[in-house]
Each structure stands twice: as C-alpha cells, then as structure tokens.
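Participant: The structure that follows is given in the form of structure tokens.
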Amino acid sequence: MEYIIEMLNITKEFPGIIANDDITLQLRKGEIHALLGENGAGKSTLMSVLFGMYQPEKGIIKKNGKEVKLKDPNDANNLGIGMVHQHFKLVHNFTVLQNIILGVETTKNGFLKMDDAREKVVAISKQYGLMVNPDALIEDITVGMQQRVEILKMLYRENEILIFDEPTAVLTPQEIDELMKIMKDLAEEGKSILFITHKLNEIKQAADRCTVLRKGKYIGTIDVKTTSKEEMSEMMVGRKVDFTTDKKPATPGETVLQVRDLTVAAKGHGNKAVKNVSFDVKRGEIVCIAGIDGNGQSELVYALTGLVGIDNGKISINDKNITNLNVRQRNVSGLAHIPEDRQKDGLILDYSMSQNLILKKYFTPQFENRGFIKFDEINEFSEDLVKKFDIRSGQGINTSIRSMSGGNQQKVIIAREIDVDPEILIAVQPTRGLDVGAIEYIHNQLISIRDEGKAILLISLELDEVMNISDRILVIYEGEIVANVKPEEVTIQELGLYMAGSKRSEVAV
Amino acid sequence: MKKAKDMVLGDGLNNAISSIFAVLIGLAFGFVILLITNPGEAVNGFIIILKGGFSTGGKGMGQVLYFATPLILTGLSVGFAFKTGLFNIGAAGQFIMGAFAAVYIGVKWTFLPAPLHWMAAILAAALIGGLWALIPGLMKAYLNVHEVISTIMMNYIGMYTANHLIKLTIYDSKKALSMNTAPSAVLPKGGLDYVFYNPLGIGKDLSTVNSGIWIAVILAVVMYIILNKTTFGYELKACGFNKYASKYAGINEKRNIVLSMVIAGALAGMGGALLYLSGANGRHIRVVDVLAMEGFNGIPVALLGLSNPIGIIFSAIFISYITQGGNYLQTLEFVPEIIDIIIACIIYFSAFSLAFRSIIPRIIRFSKNRSESAIKKDDNGGEE
C-alpha cells in the first residue's frame, strides 16, 4: 500500500520540552487515520509541523514517496494539505461563498468573478452532499454549517489531504453522526483524512487506522477494527482507565440555591442571553447544566456569581436573598465558583501559588491582623492544602502560578474553592483542557463533596461528563432551560435533540 | 520560610545587578554623545559627570540629596501606580499643584508655629496632589477613560492653574518667582547641616538639603510596607495584575483604582512640598509655561528602580547625582542645551535599557507559553 503522506522520525523541541520525539505517521491514500493522544501528547504540534507552521529539528516529510519541505502554510496548501481548525477561521460578516473563495479569488482585470466561483462551489457541495446556502452570512448559520463551510474551503482548493482538528468538540451528537458520514464519503471519493481526537467512540465509528501518541512519544499505529477501546485508552494513557465514575445515588436534602425567573442581557446587544430561567439545586446533589457552547451558560454563571448585573429575577442561597449582593457578599454567603477561564478569572498569574490560594480568604482574621498579612499562617495554610489536594509544583508554595501545569493550576482553584466550605459550588467546565488523570481526580473531588452534603451546580459541554457525574441534568438552549431530566432516564441522543433545540419538555421547578 | 527569604533576597540582588547594568549602558551612551558633540573635551567631560555631586565636596553631595528628594517622591508616585496596574504620567501636574499648596500655606498661614506650619504645608500638598489624581482615577474607574490621556491633560491644567494662582496670591514679581515662605514653614535641617557644607573662611557654605530627604526615605519605606506586607497592598497589586480575577475574588476594583491614583497623586504632591519648603536659599516655583521636570523624571526613576520603593530611593539619588555632574560641565566648553541632552540621554537610556531587559524574560516566557499552548491545544477545549 502506498502512502500519500509520510512523516518520518519527526522531532520538534521547544525550550525545556520535547513536544515530538521521533514520531512517525504514515497516511494511506483514501483512509481515515485517527491521531489519538491526551492533552500535551503532541498531536497539535505534529499537525502544525505537517501544516508548515513549525520546522522540525529532525525528520522528513514525504508526499507520494518524494521528500518535501514545508516552510509555511502556503507550502502545505500547494501540496494539497488542508485543515479544519478547532476554532474555525471564518469571517463572520461575510457570506458562505465569500469565505470559501477568500484568498483564492478568481479575478479578471482585478475584478472578482463571483459567478464562476459560485458554480464551482455549488458543484462541489452537490458532489459531496454538503448542502449550504452560499449567500447566507456566517453569523446566521449553525456551528455545524460553519464546519461544512470549512470543509468546502478545503475542497474548493482541491486539497487531497484533509486534517480535522478536534472537529466534534462543538457539535451535538446528531451533528457528530453527520460529520462522521461526511468524512466517510470524502474518504470514499479518494480524499485522505487525518482526524485528531481524544474520543475513542468516534475513532471506533469512523477511522480505519489510528496512531497513538503519549507525552510526545510515538506509541504505535493500530488497526481500529481489531483493537478494543480499552486497549486504545491504555495506549493513550499508559495505564488502565476506569471510564465509569464510582458514585452512590444522590440523596438530595433541602434546597440551597434557588433561582427564579432569571433574565440576563447579552453583552453588546439587546437580546437576552438568559431568559426567565428558574431552577433549584439541593444539598447533596450535582445538577448539571448541559448545552452547546454559547447558549447562555456563561451569562447565567456570571449572573449567579454577581459578576454581571441581571435584568430580572431572584437568586437565593438557603432562603437568603442574594440578588442584590455584590461578589464578596455572595462569596461570604457560601457561594464558591470554579470559573470557566481559569487563567483570566480564576488566577492571578503574577502571584505565587500561596498568594492565589488565599484569594478568597485574605481579608479574614485568619490571615489579616490590623491590615497586615499574616505570612506564617498563609504558608502553613498553603502547605496544608498542597498536601491535601496533592498539588505538584517546582518550588512549593512560592512557585509562580504561571509556571505550573494546567492540571495543577486547576487543583489550586479547586483547593481554594472547596476550602471555603461553600454551601453551593458552581463549577464551570472544571475539566476543560485537562488530561485523563486530572479529570478523574476532579470528578472524584466533586462527588466526594457532594457526599458531604454540598450542593453543586456543574456547567459542562462534555456529554460524557454530564452523563457520568450528574444527578440531574438541565439542558439550556438559547438561554432557556428546555429539559430537566435524570441521567439514567435519558439517552445521549435525546440530550442531543434537547441541546439542538429540536425537542423541549415543559420544565416545572 | 527561610527558603522563601533566600529567594526574595536572590531576586532583589538580581534586580539590583540589572539596574546597575542598565546604568552602565546609559553612561556609555552618554559618553558617545559627548564624543560627538565635543571630541576634544569628551574624556574630561565624562570624568566631571562621573564625579557628579562630589565635584564640589560636601555641599555638592548635599545638593544631590536635596534634588533627589522630589525625585524619590515622584518616582514613588509613578512606581506605586505602576505596581497597581496604572500608568501615572500626571506626576508633573500633581507635583506642581502640591508645590503651590505648600508654598501658599508656607507664605500665608504664618499664625501656625514652626513644626505645625511645615507639617500643614506638606499635608495640604498631599491633599491637592491627591485631588489632582482623583479626577483621572474616577474617570478611569467609572468611565473607562485611559489614565495616560487624562493625566497628561491634568498636567497642563495643573501647570496653568498653579501659575495663575501663584500670580494671584504669592507672586514675587521682581524675581518672577514664588515668594519666600515664612521661616516656620521651612523644613528643619535634621542634622544634615553638620555633614553637607563647604568651609568658607570662618563660616560654612551650607547645602540646601534638609530633613525632606528623611521624610522621602520614610515614605518609601512606608510604601514598601503597604505594597508587600498589607492586605491593602495585596488587593491593589491583584487589581494591577488581573482585574478580572480581582473582581471574581470580590475585590472592589473600581475603588482600588481610585485609591491607587489618589495615593500616587498625594506622593507627587508631597514631592512639590519637600522641594520648595527649603527657605530663601532653596528653590522657588518659577512661573513659566513648562511642565515640571521633576514630574517626568519620576518615570525613569521608577523604571530604573523597577518600581520597588527601596530601589527608587537609590535610582533617584543616582539621577540627581548625574544631573548635578551635568551642571559642572559648564566649566568646560559645553553649551547648557547640549548638557541637558547628554544628561537626559544618560537618564532615559538607563531607564529604557532596563525596561528592555525586563521585557526579555517576558518575551521568553511568552514564546514558551505559546509553544506550551500549542501542545496543549490538543484537548477538546484548547486554551482561549
């Protein structure tokens, strides 16, 4: 079997880290080849090398058996390599057609010849069954449609090698199924596909072969049909992984967080991001708000935590009305918050680990004496949390938080927020960007504080996470709660329909 | 704990070394300019600059400290604001308004006895300086007007207002200067008259240095303690580093922006008081339409001192020392304008080469972060 692209013995170093260590990847013509690995395994670096964005220190790239040099993405494009980035590269106030031809416009005497381009786009979308309206504005179409536009962009440029970087992260289960079908069709038409992911189900569903990376090293290339998911995950993580989280059934107590008719304005325009939302979270349960990114989750959390003002509604903790309290007063009333963007909202990167650990407590008598900081108490307290939460760092509690890994940064936030002994913990995508080990750890922490009788509101985009650790699921769609279900009474497909807005149930509080 | 102390000390030493390194680059640059402007006298001129305040013995050193005093205060003003995430370009306006308030009280409030009189004058300078920074602070916190723009505007408003008010109230039209303050408003010598003088026959040729330098040093120590040892300083710096996380932690970041600016303004205002409450032999406010240099020199002082209050004491003394050295250059064939250029080059090049040095680790960190995030991007969320 001949290979269309071969990356042989690629080594790419960054200061202090070897991102790719002697990695070989061989892509056959017409196959779907998955690239599997945890966070930081080096998948994106390898693809950036293939796309001409990084130059490897060692190793060669061959196309159809001939060695090629890629100095920038234009070279990649000339070789027929195209990529759908995880975050789409589209101009939002341009039409679909304008986006597709951007950069390769056909012109005559300096004037655009849109008609030719339109014909070609329509022909391609017919050929591959990628139906889009060429005159729709990008900002008006769904994320799934936007992804099709990205795919059309590659096809319009007559790329033969298509790279998909985590294409399913932003899609509903139904859209994922569709994408898998599109990818298979493309492979059938002779395109070769590289599919970057860490989701084993999708690999099983679509890929022919799979190359596994771990910590920058090449682990192996396997045939997907003959390899089980467990074997693949063991290759990826380096040890056996328990996919299901051990968890006793919840025993909800009295209501802690009560939200009634909450309406929040969207930033920048008149629409409401959150519309008349009402729900309760009780002691000893994990309530999860599921939904596709951008359906009002962030605004809801900001409103609950006091970071933005609300238009209407009432929020209370343990029957105490907190609607008009400021952030500090809410925190003191028993609200803890693991924010969505840990580096922007959750940490002060120029401060040390211990200075970050006291961020919610520095003003209490425990650490303050007549305006002066009690350094000894802070050190003792920080050492204690480091031990309790197993936070790893280079120089102990004085390590600059900036230099710590994402997982350990998140542990610092979790330690801080759990330590304030909250009534209600709001955790927003707490496992985002973390590796499997850290995810396991965080899930176990959330469950154990639930068992201690805390109320937890979890906002998550990962359906596996939603199904695994929540006791009750609220689905949010365009700022409204459209379902209130138990994970054992609902399938992922059904959740997907709710998330896409094509199904809704009357939600009674 | 001991480890932590060692680390801080190590950091402090590193910072001091990089500051000294920057000064050397600045001096080398100054020498080049000397060579260009007057090759024949360049070496002699350079030696005079290096001898600085020492050129005229004890009195000269006293003058170095006298002129360093307002620089310490304006440097603290800029440095403190900078530590809390604000760029106070308005030290010149705050300085001159504070100076006016101090001299006004020094001239008019003769009913006060000696220590109370100059204390009241300093306090008034702090108040007016603080008020002058309150306006940009409020505009920044509540209207999101950038403080660089508003403080520059306040500089000009302050300069013209001070000139006008001086002419109305405390103007000595024969000398085109502000009037002499009452003796009770002059800062005491604080023991410095025993050290900084030149013997003059049977008498002493005294330097104008006075206890203002002590006050400046004490204020620097106080600022150091506020920034590093108090929860107030912890909050202020947190707001400077990351206002989103500060808001998330429940810190009132708007209040802190206003407070930071007011404190910075009060410091610059006191700088004006300490310079001009120095008796008949000391400085008087010149009524000219030029922004106070002490205000702008606060910026290189703060940069060279890495915004560390203790470092600022030394960088202010260095800049004052070089400036004094420049004054003695006139004994050679150097035109005053050229001297100003040379000295300004040394000062600013020192500060900027240092700024550049502190940028390098950031660039390294940035590119490292980028490469790290490139690897991290793998996962579902990615960063950003």
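Read-outs throughout are calculated quantities, based only on the coordinates presented, and are distinct from any laboratory measurement. Note that this is a predicted model, so its numbers are computed, not measured. Here the Cβ positions follow ideal geometry from the backbone for every residue, glycine too, while neighbour counts run over all protein chains shown.
Participant: What does the structure give for A:342-348 when I average, per residue, the other chain Cβ atoms found within 10 Å of the residue Cβ? Show your work: numbers first, answer last.
Facilitator: Working: counts 2, 6, 5, 7, 5, 4, 13.
Across A:342-348, the average partner-chain Cβ count within 10 Å equals 6.
Participant: Continuing with the same structure: Please report Rg (one decimal) and Dmax (integer) in Å for the Cα set of segment A:248-377.
Facilitator: Calculated on Cα positions, Rg and Dmax stand at 17.0, 50 Å.
Participant: If Rh is defined by the Kirkwood formula over all Cα pairs and Rg also comes from Cα, what ratio Rg/Rh do you get for the protein assembly as shown?
Facilitator: Expressed as Rg/Rh, it is 1.06.
Participant: Given 37 °C and 0.692 mPa s, how large is the Stokes-Einstein diffusion coefficient of segment A:81-139 in µm²/s, with Rh as the Kirkwood radius over Cα pairs?
Facilitator: Translational D for this selection: 263 µm²/s.
Participant: For chain A, with only Lys/Arg (+1) and Asp/Glu (-1) charged at the beta-carbon, what is the dipole magnitude about the Cα centre, in debye rounded to 20?
Facilitator: Values: 63 positive and 74 negative charges, 132 e Å.
Charge dipole, chain A, about its Cα centre: 640 debye, nearest 20.
Participant: Still on this model: Hey, can you grab everything whose amide H is under 5 Å from the amide H of A:Phe195? Only 5+ residues off in sequence or another chain; H modelled, so Pro and N-termini drop out.
Facilitator: Here the answer is A:His33, A:Ala34, A:Leu35, A:Phe164, since their amide H atoms fall under 5 Å of that of A:Phe195.
Participant: Right, something else. Give the angle, between 0 and 90 degrees and rounded to the nearest 10, that separates the Cα long axis of helix B:57-83 from the longest principal axis of the Cα atoms of chain B.
Facilitator: It works out to around 30 degrees.
Participant: Report the semi-axes of the equivalent ellipsoid for segment B:128-240 in whole Å, largest first, where each axis is √(5λ) for an eigenvalue λ of the Cα gyration tensor.
Facilitator: That gives 36, 26, 10 Å for the three semi-axes.
Participant: Let me have the 222 nm mean residue ellipticity of the protein assembly as shown computed from DSSP H runs of 4+ only, each contributing -39500 (n - 2.57), with the sum over all residues rounded to the nearest 500.
Facilitator: Taken over the protein assembly as shown, the calculation gives -16000 deg cm²/dmol.
Participant: Taking the Cα centre of each part, how many Å lie between segment A:335-391 and segment A:434-453?
Facilitator: 20
Participant: Still on this model: Sort out for me the Cα centre separation of segment A:1-64 from segment B:231-288, rounded to whole Å.
Facilitator: So the two Cα centres are separated by 54 Å.
Participant: I've got another one for you. Where does the charge balance sit around B:Phe334 when Lys and Arg score +1, Asp and Glu -1, over other residues with C-beta under 11 Å from its C-beta?
Facilitator: For residues surrounding B:Phe334, the net value is -4.
Participant: Given the peptides B:244-250, A:334-340, arrange them by the average over their residues of other C-beta atoms within 10 Å, most packed first.
Facilitator: Per-residue Cβ counts within 10 Å, averaged per peptide and sorted highest first, yield A:334-340, B:244-250.
Participant: Continuing with this model, one more query. So what's the projected area for segment A:141-182, the Cα convex hull averaged over all directions, in nm²? Mind dumping the intermediate values first?
Facilitator: Values: hull surface 12.0 nm².
So the Cα hull casts an average projection of 3.0 nm².
Participant: Hey, can you grab everything whose amide H is under 5 Å from the amide H of A:Glu368? Only 5+ residues off in sequence or another chain; H modelled, so Pro and N-termini drop out.
Facilitator: Sorted by chain and number, the residues that satisfy this are A:Lys374.
Participant: Also, quick follow-up: Would you give the gap between the C-alpha center of segment A:246-285 and the C-alpha center of segment B:97-119, rounded to a whole Å?
Facilitator: Cα centres, segment A:246-285 to segment B:97-119: 61 Å.
Participant: Residue farthest toward the positive end of the dipole of chain B, with Cβ of Lys/Arg at +1 and Asp/Glu at -1: which of B:Ile170, B:Asn327, B:Leu227?
Facilitator: With unit charges placed on the Cβ atoms, the residue in question is B:Leu227.
Participant: So for A:Lys229, A:Lys454, A:Lys29, A:Lys282, fewest C-beta neighbours within 10 Å to most, what's the order?
Facilitator: Arranged by neighbour count, lowest to highest, A:Lys229, A:Lys454, A:Lys29, A:Lys282 become A:Lys229, A:Lys29, A:Lys282, A:Lys454.
Participant: Here's another thing I want to ask about it. Ratio of alpha-carbon Rg to the 2.2 N^0.38 Å globular estimate for chain B, to two decimals, please. The partial results should precede the final answer.
Facilitator: Details: Rg = 22.3 Å, N = 384, 2.2 N^0.38 = 21.1 Å.
Its radius of gyration relative to the 2.2 N^0.38 Å reference: 1.06.
Participant: Looking at segment A:219-298, which GluC sites (Glu not before Pro) are DSSP coil and have at most 16 other C-beta atoms within 10 Å of their C-beta?
Facilitator: Loop-located and lightly packed - A:Glu254.
Participant: Right, next: Can you give the charge dipole size of segment B:57-319 about its Cα centre, rounded to the nearest 20 debye, using +1 on the beta carbon of Lys and Arg and -1 on the beta carbon of Asp and Glu?
Facilitator: It works out to roughly 160 debye.
Participant: Here's a follow-up. Quick one: angle between helix A:375-389 and the longest Cα principal axis of chain A, in degrees between 0 and 90, rounded to 10, please.
Facilitator: 60
Participant: May I ask which residue of B:Val290, B:Ile263, B:Ser55 lies farthest towards the positive end of the charge dipole of the protein assembly as shown, with charges of +1 (Lys, Arg) and -1 (Asp, Glu) on Cβ and the Cα centre as origin?
Facilitator: Going by the Cα projections, it comes out as B:Ser55.
Participant: Can you sort A:Thr255, A:Thr491, A:Thr227 from fewest to most other Cβ atoms within 10 Å of each residue's own Cβ?
Facilitator: Result, fewest neighbours first: A:Thr491, A:Thr255, A:Thr227.
Participant: Please quote Rg/Rh for segment A:3-237 to two decimal places, taking the Kirkwood radius as Rh and restricting both calculations to Cα atoms.
Facilitator: My calculation puts Rg/Rh at 0.98.
Participant: How many percent of all Cα-Cα pairs in segment A:411-462 sit more than 12 Å apart? Write down the numbers at each step before the final one.
Facilitator: Working: 853 of 1326 pairs.
I get 64 percent for the Cα pairs in segment A:411-462 exceeding 12 Å.
Participant: Put +1 on the Cβ of each Lys and Arg and -1 on the Cβ of each Asp and Glu in segment A:3-237; which of A:Gly52, A:Leu36, A:Thr197 then has its Cα farthest toward the positive end of the dipole?
Facilitator: A:Gly52
Participant: Follow-up question, since we're still on this one. I need the P(r) histogram for chain A: all alpha carbon pairs, bin width 20 Å from 0 out to the longest distance, whole percents.
Facilitator: 20, 50, 28, 2
Participant: I need the phi-derived Karplus couplings for segment A:468-480: 6.51 cos²θ - 1.76 cosθ + 1.60, θ = phi - 60°, integer Hz, Gly and Pro marked x.
Facilitator: After applying 6.51 cos²θ - 1.76 cosθ + 1.60, I find 6, 10, 8, 9, 8, 10, 10, 9, 10, 9, 6, x, 10 Hz.
Participant: Same structure again: Could you work out the local net charge near B:Lys204, counting Lys and Arg as +1, Asp and Glu as -1, over the other residues with Cβ closer than 14 Å to its Cβ? Before the final figure, lay out the partial values.
Facilitator: Values: positive: B:Lys59, B:Lys189; negative: B:Asp193, B:Asp205.
Residues close to B:Lys204 contribute a combined charge of 0.
Participant: Still on this structure, I have one more. Calculate how steeply helix A:143-156 sits against the longest principal axis of the alpha-carbon atoms of chain A, using the helix alpha-carbon long axis, and give the answer as 0 to 90 degrees to the nearest 10.
Facilitator: Value to nearest ten degrees: 20.
Participant: Would you please give the residues with an amide H less than 5 Å from that of B:Lys189, counting only those at least 5 places away or on a separate chain, with H modeled from the backbone geometry?
Facilitator: Correct list: B:Ser211.
Participant: Can you pull out the GluC sites (Glu not before Pro) in segment B:277-355 whose DSSP state is coil and whose Cβ has at most 16 other Cβ atoms within 10 Å?
Facilitator: Answer by residue number: B:Glu333.
Participant: Between the DSSP loop rule and a limit of at most 12 other Cβ atoms within 10 Å, which chymotrypsin sites (Phe, Trp or Tyr not before Pro) in segment B:70-138 are left?
Facilitator: Here the sparse-neighbourhood loop sites are B:Phe111.
Participant: Please state the relative contact order of segment A:357-419 as a whole percent: Cα pairs under 8 Å, 6+ residues apart?
Facilitator: Relative contact order, segment A:357-419: 35 percent.
Participant: Can you run phi through the Karplus equation (6.51, -1.76, 1.60; θ = phi - 60°) for segment A:231-237 and list ³J(HN,Hα) in whole Hz, with x for Gly and Pro?
Facilitator: 5, 5, 5, 5, 5, 5, 8
Participant: First select every other residue whose beta carbon is under 10 angstrom from the beta carbon of A:Gly30; then total the charges, Lys and Arg +1, Asp and Glu -1.
Facilitator: On the way: positive: A:Arg28, A:Lys29, A:Lys191; negative: A:Glu31, A:Glu160, A:Glu188, A:Glu189, A:Asp208.
Result for the local shell: -2.
Participant: Across 10 Å bins from the origin, how do the percents of Cα pairs in segment A:357-419 run, short distances first?
Facilitator: The distribution over segment A:357-419 is 22, 54, 22, 2, given as percents.
Participant: Moving to a separate point now. Note down the magnitude of the dipole of the protein assembly as shown about its Cα centre, charges +1 on Lys and Arg C-beta and -1 on Asp and Glu C-beta and zero elsewhere, to the nearest 20 debye. Kindly include the intermediate steps, with their values, before the conclusion.
Facilitator: Values: 91 positive and 93 negative charges, 519 e Å.
It works out to roughly 2500 debye.
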